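First up is the structure itself, then whatever we jot down about it.
The values are calculated or read from the model by the stated rules, or taken from the named source; none is laboratory data. All of these numbers come straight from a predicted model, not from anything done at the bench. A quick note on method: Cβ atoms are made from the backbone with ideal geometry, for glycine too, and the neighbour counts reach across all protein chains shown. For the accessible areas, the whole protein counts, side chains as well, though only heavy atoms, and no ligand, DNA or RNA atoms are used. Shrake-Rupley method; radii C 1.70, N 1.55, O 1.52, S 1.80 Å.
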Amino acid sequence: ATPPERGDYRNAMARLGAAVNVITTDGPAGRAGFTASAVCSVTDEPPTLLVCLNRSASVYPIFQANGVLCVNVLGAGQQQLSNLFGGKTPMAERFAAAEWQMSRSGVPVLAEAAAAFECRVVNRTEVGTHDVLFCEVDAVRMGSAAHGLVYFDRRYHDLLPQAAAH
Ligand SMILES: NC(=O)c1ccc[n+]([C@@H]2O[C@H](COP(=O)([O-])OP(=O)(O)OC[C@H]3O[C@@H](n4cnc5c(N)ncnc54)[C@H](O)[C@@H]3O)[C@@H](O)[C@H]2O)c1
Ligand SMILES: Cc1cc2c(cc1C)N(C[C@H](O)[C@H](O)[C@H](O)COP(=O)(O)O)c1[nH]c(=O)[nH]c(=O)c1N2
């Protein structure tokens with residue numbers, strides 16, 4: 001069978017709603033961060049998640065060299081931060097838009113995230129244009145954001161609980 005055209009694939013993927021995360025790093029190669037929706041839990045023994053990173057991103061060599069990162073899960077109302085880290089904005093400007101704490105490994109952690117996962121990259125696999133980074137979680141933090149943020153249909157949606165039925 002012939003595979004779907006890229007546009008058709010993306011149109012369908014646009015309906016696969018996903019949490020929005022700012023992935024940060026710091027270390028010998030310097031500080032960097034980017035927005036990722038391609039993040040998911042792999043196993044909880046040992047706690048491991050994956051992040052898909054486009055090898056053509058300007059931040060790619062920095063993440064490659066540092067080998068540590070933090071997955072900052074954005075909350076309701078933080079779509080501006082997602083757009084800032086989603087491309088083209090100079091790195092200093094991205095980080096100036098929020099308050100950061102320091103993880104034990106020296107990686108910036110977003111104080112206002114819904115949750116944050118401090119990780120080491122333990123494995124990576126090249127698939128097409130992307131690297132799949134397998135990341136072991138050394139520490140978790142529960143942040144101050146109470147409601148989630150979801151990217152669906154190429155737009156952001158604040159995730160507010162439905163009113164209880166009856
Ligand atoms: N996994 C990714 O790398 C990824 C995911 C979402 C958005 N983006 C970036 O943000 C831009 C805008 O996204 P959009 O959702 O508003 O519209 P879009 O039409 O470009 O993408 C729709 C959906 O297709 C998938 N997708 C898009 N580009 C991809 C890529 N290079 N690799 C794997 N999956 C991809 C994502 O699920 C995305 O939400 C994209 O063109 C891309 O540059 C990348
Ligand atoms: C909502 C949303 C979701 C994603 C992205 C963007 C946006 C707006 N981007 C693109 C990525 O954030 C962008 O390419 C980086 O900011 C790197 O850009 P620079 O090359 O540094 O400008 C992105 N890139 C990637 O490699 N993996 C991903 O999962 C995602 N997900």
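Scanning the range 86-135 for residues that are away from ligand 2 (no atom under 15 Å from the Cβ) and among the basic types (K, R) yields R104, R120.
Need at least 3 residues that are among the hydrophobic types (A, V, I, L, M, F, W, C), within 18 Å of T24 (Cα to Cα) and at pLDDT 95 or above per element, so show me which strands (runs of 3 or more DSSP E) inside the range 89-156 make the cut, counting only ones lying wholly within it.
Values: elements: 100-102, 108-110, 115-127, 130-142, 148-152.
Answer list for the range 89-156: 115-127, 130-142.
Pick out the one residue from L110, L81 that is within 16 Å of ligand 1 (Cβ to nearest atom), touching a residue at least 40 places away in the same chain (Cβ under 8 Å) and under 25 Å from G148 (Cβ atoms). Even if it seems obvious, please write down each step before you answer.
Working: L110 fails: within 16 Å of ligand 1 (Cβ to nearest atom).
On inspection, the qualifying residue turns out to be L81.
Only residues that are among the aromatic types (F, W, Y) and in contact with a Gly (Cβ under 8 Å, 6 or more places away or on another chain) were counted across the range 48-94, and they come to 1.
Does A145 satisfy the criteria of being over 22 Å from R94 (Cβ atoms) and away from ligand 1 (no atom under 13 Å from the Cβ)? No.
Filtering the range 124-150 to residues that are surrounded by 12 or more Cβ atoms within 10 Å (Cβ to Cβ) and under 22 Å from S56 (Cα atoms) leaves R124, H130, D131, V132, L133, F134, C135. Summed over the range 30-85, residues that are small (G, A, S), within 12 Å of ligand 2 (Cβ to nearest atom), open to solvent by less than 60 Å² (accessible area, probe 1.4 Å) and part of a loop (DSSP other than H, G, I, E, B) total 2. Applying the set (1) touching a residue at least 60 places away in the same chain (Cβ under 8 Å); (2) open to solvent by 20 Å² or more (accessible area, probe 1.4 Å); (3) within 13 Å of ligand 1 (Cβ to nearest atom); (4) outside any loop (DSSP other than H, G, I, E, B) to R15 leaves exactly one unmet item: (4).
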